[in-house]
Structure formats: structure tokens, C-alpha cells
Amino acid sequence: MNNRILVVEDDVAIANLIKMTLTMQNYDYEIASDGKTALQRVLSMQPAVIILDLGLPDMDGIDVIHKVRSWSQTPIIVVSARGEDTDKINALDAGADDYVTKPFSVDELLARIRVAFRRISSDRNLEKEQPVFENGDLRIDYLANTVFVRGQEIHLTPIEYKLLVVLSKHVGKVLTHNFLLKEVWEQVSQSDVPSLRVFMATLRKKIEVSPADPKYIQTHVRVGYRMLRY
Ligand code: CA
């Protein structure tokens, strides 16, 4: 796996901060300061990870995501200055994997990059469409529809099971409420978000050692949920 990162950022100060951070961590990187250059670089440098500012001078970052996703599954971490949840949600629904909100700390950005690289290696392992998913102490047998935590079989309701399967199939990626509602209930209505929360709470009680401090399923307030890869 290469360690090349494409940074798409038109703000020179932020681009410099990211450059310094990546240099210290020995990542290879290139900077693109507009959307058109970014799309060319994705083709020419074949980055392992893309860090993408949403507010670009020539095009909307969301359009960059749509274009990249038409041919590539490279993880995209969105950098959003707008602080608006709808921007993050639109970016995630367009196919971004994760986001950081400006101002962000260097540690936060590096943590997100590590998660993205972990997802790439887990995708490699899933290339053969494994019938069994293993993540830390969690094991899902997709063929038998059974779930084990620390070797013990866990009994889930059909909705809890579906929810867990969707999260596991996209391990490492932040999934929006809308995405989960569509996948699990096949319909989307914001009024369903509270019931999603209820099912998530009962699922966590069954799979997490400490549901208040979840290890597997992370909450992204007002945005969605993500299963972390171990
Ligand atoms: Ca910008």
C-alpha cells in the first residue's frame, strides 16, 4: 500500500499546517489548490487517501467527491470550515468517508488519516467477500446470520442485526442517519431518527462491554454512526 496523500486546500495557511504535519509523519503528499487540479492529481498520483476542503475556488467540494467516486473508492476525509452539519452530511452521502471541522488539531487530523489507512487494509482483506466478518472480539457470520462477542453468541432482533451488518460492511466509514435509514428500513424520514437511536442503544447494550463508552460503534452527533476497525 502506498502512503501518498492528496491534500486539496486553497487556504495557504491551512495547507502549510497540513504539509508540516504530513512531513513529520513521513507521508508523501501533493497539494492541489482547486478542484480541477485535484481531479487531475487523483488520476496522476493515485493517492491512498484524499483530504478535501469543501470550499474550493472553482468548484464545490461535493462535486469533487461525486466525480472521484465515479471511478475510485479512495478514502476521502472532508475538511469543512462551515461547521454546518448539512455540509458534512451531504459530503458523507456523496461518498466521503470522514470529516474534520476547521479549526482542527493536528492530532485529530492524524487520527482520521490512520482510520482511513486502516480501512484500506481491511478493504483488501474483504476483497474475497468473506462470509465471516471479524473485528476485535466481534464476529458476524453473514451466512448463518449469527453474531458472537468474545465467543458468546448474541441474540439480536432482525433490525438490530441489519443495522450491525450495514455498519460492518462499511467499517471505518461514517454513515449518516439517512444512509442507515435507507439501508435498514428502506425509507428515509427525519422523524425516524429517534427510532434509529433506540435500536442503536439496544444493539450497543448487546455488543459493547460498556455501552456508555462504546468501542465498536461511534456516535457522530447530529450526523450518524461509524463502526471502528480493530
Ligand atoms: Ca477553502
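Some values worked out for this structure:
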| item | result |
| --- | --- |
| Flag if VAL42 is away from the ligand (no atom under 15 Å from the Cβ), assigned to a helix (DSSP H, G or I), closer than 25 Å to GLN218 by Cα and outside the structural domain of GLY136 (by TED's automatic domain parsing) | no |
| Residues (within 16 Å of the ligand (Cβ to nearest atom), part of a helix (DSSP H, G or I) and free of Cβ contacts under 8 Å to residues at least 40 places away in the same chain) located in segment 91-115 | ALA91 |
| Those residues of segment 11-29 which are within 16 Å of the ligand (Cβ to nearest atom), in a helix (DSSP H, G or I) and surrounded by 14 or more Cβ atoms within 10 Å (Cβ to Cβ), in sequence order | ILE14, ALA15, LEU17, ILE18, LYS19 |
| Condition met for PRO47 (part of a loop (DSSP other than H, G, I, E, B), at pLDDT 95 or above and farther than 18 Å from LEU175 by Cα) | yes |
| Output for segment 70-84, where each listed residue is open to solvent by 40 Å² or more (accessible area, probe 1.4 Å) and either among the β-branched types (Val, Ile, Thr) or within 15 Å of LEU6 (Cα to Cα) (or both) | GLN73 |
| Residue that is farthest from the chain's Cα centre (by Cα), among those in segment 45-56 that are within 16 Å of the ligand (Cβ to nearest atom) and in contact (Cβ under 8 Å) with a residue 40 or more places away in the chain | LEU56 |
| Unique residue being surrounded by 18 or more Cβ atoms within 10 Å (Cβ to Cβ) and aliphatic (A, V, I, L, M) when the list is VAL149, VAL171, VAL166 | VAL171 |
| Selected residue [surrounded by 22 or more Cβ atoms within 10 Å (Cβ to Cβ) and not assigned by TED's automatic domain parsing to the domain that holds VAL193] from ASP34, ASP87, ASP53, ASP93 | ASP53 |
| Condition broken by LYS173, with the remaining ones in (1) out of contact with any strand residue (DSSP E or B) (no Cβ under 7 Å at 6 or more places or on another chain); (2) of a type in the set (D, E, K, R); (3) within 23 Å of ILE62 (Cα to Cα); (4) touching a residue at least 60 places away in the same chain (Cβ under 8 Å) satisfied | (1) |
| Filter pass, ILE62 being within 16 Å of the ligand (Cβ to nearest atom) and under 19 Å from the mean Cα position of the chain (by Cα) | yes |
| Residue match in segment 144-158 (condition: of a type in the set (Val, Ile, Thr) and touching a residue at least 60 places away in the same chain (Cβ under 8 Å)) | yes |
| Residue check, ASP60 open to solvent by 40 Å² or more (accessible area, probe 1.4 Å), of a type outside the set (Val, Ile, Thr) and out of contact with any Lys or Arg (no Cβ under 9 Å at 6 or more places or on another chain) | yes |
| Conditions (1) open to solvent by less than 10 Å² (accessible area, probe 1.4 Å); (2) under 18 Å from the mean Cα position of the chain (by Cα): number failed by LEU203 | (2) |
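The values are calculated or read from the model by the stated rules, or taken from the named source; none is laboratory data. Source: prediction; values computed, not measured. All Cβ positions, glycine included, derive from the backbone under ideal geometry; neighbour counts span all protein chains shown. Quick note on the areas: whole protein, heavy atoms, side chains included, nothing else; ligands and nucleic acids left out. Shrake-Rupley method; radii C 1.70, N 1.55, O 1.52, S 1.80 Å.
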